[in-house]
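Enquirer: Here it is, the structure in full.
The values are calculated or read from the model by the stated rules, or taken from the named source; none is laboratory data. Model, not experiment: these values are computed from the prediction. Here the Cβ is made from the backbone with ideal geometry for all residues, glycine too, and neighbour counts use every protein chain on show.
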Amino acid sequence: MYAIRQHVAVPAACWRAIAASLGPAIRVLGLVAFVVCAACESAGPTRPPAQLVTDRARIQACELLTLVRDSDVDDLREKAAKKGGNVVLVAGQAGSDALFSRINYVGEVYRCP
């Protein structure tokens, strides 16, 4: 009994031996693929970064959630979104990092309708 694989006649017993020897490797690759896909799926939907405002009048009807601090404004917006806010009011600066000469911004995180 012969099996035709890739235009070469190879005994079926050889294919079974090859498949048996590759079995553990294929299982490991399948497990790795499963873990990678599960990690991507469990990350959940990404939230848009919070809107950055400097005028306190724009947040009067909003609920204050928490404060965030970062040296990068975009990271400040992302941190605010992770805390559940959709608006971050830049409240001021918390000094600078002397080593890297970065300004640390402080933002108040709000949830607005």
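Enquirer: How do the pairs read when you match residues in the range 65-87 that are part of a loop (DSSP other than H, G, I, E, B) with residues anywhere that are surrounded by fewer than 15 Cβ atoms within 10 Å (Cβ to Cβ) and among the hydroxyl-bearing types (Ser, Thr, Tyr), using Cβ under 7 Å and keeping only pairs 6 or more apart or on different chains?
Expert: These pairs meet every condition: 83/66.
Conditions tested, residue by residue: (1) surrounded by 13 or more Cβ atoms within 10 Å (Cβ to Cβ); (2) more than 26 Å from residue 113 (Cβ to Cβ); (3) at pLDDT 90 or above; (4) of a type outside the set (A, V, I, L, M, F, W, C).
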{"site": "15", "(1), (2), (3), (4)": "yes, yes, no, no"}
{"site": "28", "(1), (2), (3), (4)": "no, yes, no, no"}
{"site": "35", "(1), (2), (3), (4)": "no, yes, no, no"}
{"site": "48", "(1), (2), (3), (4)": "no, no, no, yes"}
{"site": "56", "(1), (2), (3), (4)": "no, no, yes, yes"}
{"site": "79", "(1), (2), (3), (4)": "yes, no, yes, yes"}
{"site": "83", "(1), (2), (3), (4)": "yes, no, yes, yes"}
{"site": "95", "(1), (2), (3), (4)": "no, yes, no, yes"}
